[in-house]
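The values are calculated or read from the model by the stated rules, or taken from the named source; none is laboratory data. Remember, it's a predicted structure, so these values are computed and weren't measured experimentally. Cβ placement follows ideal geometry from the backbone for every residue including glycine, while neighbour counts extend to all protein chains displayed. Accessible surface is based on the protein model in full, side chains and every heavy atom, while ligands, DNA and RNA are left aside. Shrake-Rupley method; radii C 1.70, N 1.55, O 1.52, S 1.80 Å.
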Amino acid sequence: MQKIKGRKYFEGEFELPGDKSITHRAIMLNSGADGEAVITNALMGEDCVSTCRCMRTLGAKIAIEGTTLRVSGTPRFRRGTELNCGNSGTTIRLLTGFVAGKQIDAKLYGDESLSARPMGRVAEPLSLLGANVKTTDGHAPVYVSPAPLYGTEMSLLISSAQVKSAILLAGISANGETRVSEPVKSRDHTERMLAAMGADIRVNGNSVTVGKSVLKAVDVCVPSDISSAAYFMALGALKGKTLCKNVGINPTRTGILTAFDRLGVKYSLLNRRVSAGEETADILVEKSKMRAITITAEDVPAMIDELPLVALLCAFAEGETQITGAKELRVKESDRIRTTTELIRNLGGDCQETPDGFIIRGRETLVGGDVDSYLDHRIAMTGAVGLLASEKGGNVLRPECCAISFPDFFEKISGEC
Ligand code: S3P
């Protein structure tokens, strides 16, 4: 249990952990590349540790020194391995495509929460390439066995970077070209990293084409994760002033800034620069009077992991917010439509669940109270922000799950309390 006091004012400058999505890809792709790569400012949260464990099991050599990783790709992958993906959806989905491309057999599995998440969305498109991927009633464990792959064209019905990436990672080993398109562009870190590693890849709007490619190892300096910075950005908007340093602002990830624009949150992007194909900035956010907003399906992919936090901000915004087109939240680490609604209500806010989103009536302040994490890291951190911004504060129950993406979250947030 973690106690959080309600605060009248919150101010500070923050260095946030490395980007989770980029760290996963830097480890996985370099494990399958020629040469050695150094990854700096890597996130060593539990999800990325799962990716390291799996790649080592497959034969890659990974030396870890704090947040610096040295990865030596393996020319020969171990067969018949059991790959424990822990709680990580990104690990299991990307790795299913990766393993299918390497012509080896493996079993991929994870914890209880991961075993409840859909895997048919990866197995089905991979089978269109000829891959032999079997799920357990649409879930993990997933079994991959060797089969020749042939490039093909496919349109995804949902926008998912995990699914798109699994197809691309198999596609670079397939004979012929593989083209995948999605309704709204999801995060494109895989495409950027494949290009930097010399892959045959072309991007045209929401569609990506890859040909058979050999990857060359590439050093990656990981920017700070906007999904982790978002909690401190929100505290600036609610309670004072925050500066988050060196945050990745890849346009497929900046939905939180779109939400800020609509809510009327005052922020500025300082010190903009580009590092390894990804733009970064220091983000300054100041206390702002917020008004209700509308979020629809096309906004969702760029703020998918921030939506619980956006919903919380709307609970403090004047008027009625409507969030639609966010059904994907139901298949995250928890059913985030249900858990976010309960969280806002437990804080004393007015939030109603709909099949694909929320209706939220904002209040000037929320009283506070105890909130559960439901063992979902993003819900735990959203709860902590809500409590800090509330009148009386309260407790986050089962807070340890923050270690999935932000191991020292409570130290950082309490340091300012
Ligand atoms: C991720 C993609 C998103 C996101 C997840 C990380 C990635 O999932 O929610 O936290 O690194 O590719 P979907 O691709 O399933 O939307």
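What the table shows:
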quantity	calculated
Criterion: at pLDDT 95 or above, closer than 22 Å to T23 by Cα and over 21 Å from the mean Cα position of the chain (by Cα) - qualifying residue of A100, A106	A100
Flag for G264 being open to solvent by less than 10 Å² (accessible area, probe 1.4 Å), touching a Lys or Arg at 6+ places or on another chain (Cβ under 8 Å) and either modelled with pLDDT of 95 or more or under 30 Å from G32 (Cβ atoms) (or both)	no
P148 vs. criteria at negative phi, surrounded by fewer than 17 Cβ atoms within 10 Å (Cβ to Cβ), away from the ligand (no atom under 16 Å from the Cβ) and in the same structural domain as L95 (by TED's automatic domain parsing)	yes
Segment 155-208, residues that are among the polar types (S, T, N, Q) and without any contact (Cβ under 8 Å) to a residue 24 or more places away in the chain	N204
In segment 51-91, the residues that are farther than 10 Å from S31 by Cβ and in contact with a His (Cβ under 8 Å, 6 or more places away or on another chain)	S88, T90, T91
Failed criterion for G59 (all others in (1) closer than 20 Å to S334 by Cβ; (2) more than 22 Å from the chain's Cα centre (by Cα) hold)	(1)
Search result, residues across segment 134-150 that are touching a Leu at 6+ places or on another chain (Cβ under 8 Å) and part of a loop (DSSP other than H, G, I, E, B)	L149
Of residues in segment 74-121 being among the hydroxyl-bearing types (S, T, Y) and part of a strand (DSSP E or B), the one nearest to the ligand (Cβ to nearest atom)	Y109
Given (1) within 15 Å of the ligand (Cβ to nearest atom); (2) farther than 15 Å from R93 by Cα; (3) open to solvent by 10 Å² or more (accessible area, probe 1.4 Å), index of the condition V180 fails	(3)
Segment 303-322 residues that are on the phi > 0 side of the Ramachandran plot, paired with ones that are open to solvent by 10 Å² or more (accessible area, probe 1.4 Å) and more than 16 Å from the ligand (Cβ to nearest atom) (beta carbon under 8 Å, 6 or more apart)	G319/R291; G319/A292; G319/R361; G319/G362
